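Student: First the structure, then my questions, so here it is.
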Amino acid sequence: MSSDDAKDASTSRSRQHSIRDLAAMKEQGERFAMLTAYDHPTAAVLDAAGIPVILVGDSVGDNVLGYDSTVPVTVEEMIHHSRAVKRGAPHAVVVADLPFGSYQISVEDGLRAGVRLLKEGGANAVKAEGAGHVVELAQRSVEMGMPFMGHLGLTPQSVNQLGYRVQGRDEGSAEQLLADARALEAAGAFAVVLEAVPSDLAGRVTAALSIPTIGIGAGPQCDGQVLVLHDLLGLSTRPAPRFAKAYTDLRSQMLDAVKAFQSEVADGEFPDADHSY
C-alpha cells in the first residue's frame, strides 16, 4: 500500500458516519456492513475497521450476560453497554435496541426508554422489533429527533410466541411484511433490519423501499448485512444459526492461550526474568 493509500484508508476510518451516509450508499448501490458490539475494546476495533453502523443489540443477553434469550435484558443493561460502545466507536452510527418490555405496553414507554438510550447511553439511534404500534413509535421518535431503525421478520423478542423460524414463507405473510416495511418507511425509519426471511421476499422489500434494508439470514439482495460479532469471531457458545458465518475460531485460540498460561504457571516458567521487576 502506498503512503497516499494508507492516508486515504486512515481518513476513511476516522470519518464520522451518519444515517445520511447509509441512505447515500443505498442510492449509489454500495453495500455496507453492520456488526454488534457490547463493550469498549470491541467497539474500538470495529470503529478502526471503518464499520459505519454498530448495533448494541439486546443480543447482549444471550451472547454476553448468559441469558437464554434476549427477553430478560433491561433498559439499564442496554444503557450500560451502549455507553461503553459509544466511547469505543466515536465515528460509527451506534444503534441501541429497545429491549423487551420497554415499548410493548405503550408508545410513551418506548419514547422514554429511547430518550434514556440517547441521553444516558450515548446512542445515535434506537431500534425496535415489529410493526403495529411500533409504527407510531417510529413516527413519534423521529418527530422528537430520535432516529429510528425498524426490525421485521424473525423478531427474537417474540421467541416465546414465534419461535426461531423463517418468516414470510407464504404469500399472505409476505405481503404483510412488505406492508409493514412500507409503513415503517412512511413513519420516518431510516433503515429496516430483515431477519430470517426468504431471499426473494427480502429482494422485493429492498426494491420497494427508498431506505436501506439490512439483512441477517435474508439473502444477498439487501442493502446491508449484519451479524452478531460473537458468531463472526467463533466465540459463541450456542449453536450458530444457518445464516451466521464464522470468519475465525477465536474461542479455540483463547482456549489455547489460557491453557498455555496455566501450564507455564504450573511448571514455573511464568513469570520469567523478562516479566518480573
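Student: Tell me, what is the Rg over Rh of the stretch 19-147, with Rh the Kirkwood radius over Cα pairs?
Tutor: Taking Rg over the Kirkwood Rh, I get 0.96.
Student: Over the chain, what is the relative contact order in whole percent, taking alpha-carbon pairs under 8 Å and six or more residues apart?
Tutor: Relative contact order comes out at 15 percent.
Student: Separate question: Would you mind computing, in nm to one decimal, how far apart the modelled labels at GLU171 and GLN28 are, each placed 7 Å from Cα along Cα→Cβ?
Tutor: Computed distance between label sites GLU171 and GLN28 equals 4.0 nm.
Student: Give me, ordered by chain and number, the residues 5 or more places off ALA191 or on other chains with an amide H under 5 Å from its own placed amide H.
Tutor: Result for ALA191 returns GLY150.
Student: Students often forget the sequence filter, so: which lysines lie under 22 Å Cα-Cα from LYS86 once same-chain residues fewer than 8 apart are removed?
Tutor: LYS119, LYS127
Student: Using modelled backbone amide H atoms (1.01 Å from N, in-plane), which distant-in-sequence or interchain residues come within less than 5 Å of LYS127's amide H?
Tutor: Amide H neighbours of LYS127: ALA96, ASP97, LEU98, MET149.
Student: Still on this structure, I have one more. Within 10 Å, count the other beta carbons around each residue, average over each peptide in 22-30, 190-198, and list them highest first.
Tutor: My ranking of the peptides, most packed first, is 190-198, 22-30.
Student: Give me, ordered by chain and number, the residues 5 or more places off PHE32 or on other chains with an amide H under 5 Å from its own placed amide H.
Tutor: Here GLY224, GLN225 satisfy the definition.
Student: Work out the charge dipole of the stretch 5-138 with +1 on the Cβ of Lys and Arg and -1 on the Cβ of Asp and Glu about the Cα centre, then indicate which of ILE51, ASN63, GLY101 is farthest towards its positive end.
Tutor: ILE51
Student: Roughly how tilted is helix 250-267, in degrees to the nearest 10 and between 0 and 90, from the longest Cα axis of the chain?
Tutor: The two axes meet at around 20 degrees.
Student: When ranked by the protection proxy of mean other Cβ atoms within 10 Å per residue, highest first, what sequence do the peptides 215-225, 70-80 form?
Tutor: The packing order, highest mean first, is 215-225, 70-80.
Student: Find the Rg to Rh ratio for the chain, where Rh is the Kirkwood radius over alpha-carbon pairs and Rg uses the same atoms.
Tutor: Details: Rg = 20.1 Å, Rh = 19.7 Å.
Result for the chain is an Rg/Rh of 1.02.
Values quoted throughout were computed directly from the atomic coordinates according to the rules given, and no laboratory measurement underlies them. Computed from a predicted model, the values in this text were never measured in an experiment. As a convention, Cβ positions derive from the backbone with ideal geometry for all residues, glycine included, and neighbour counts pool all protein chains shown.
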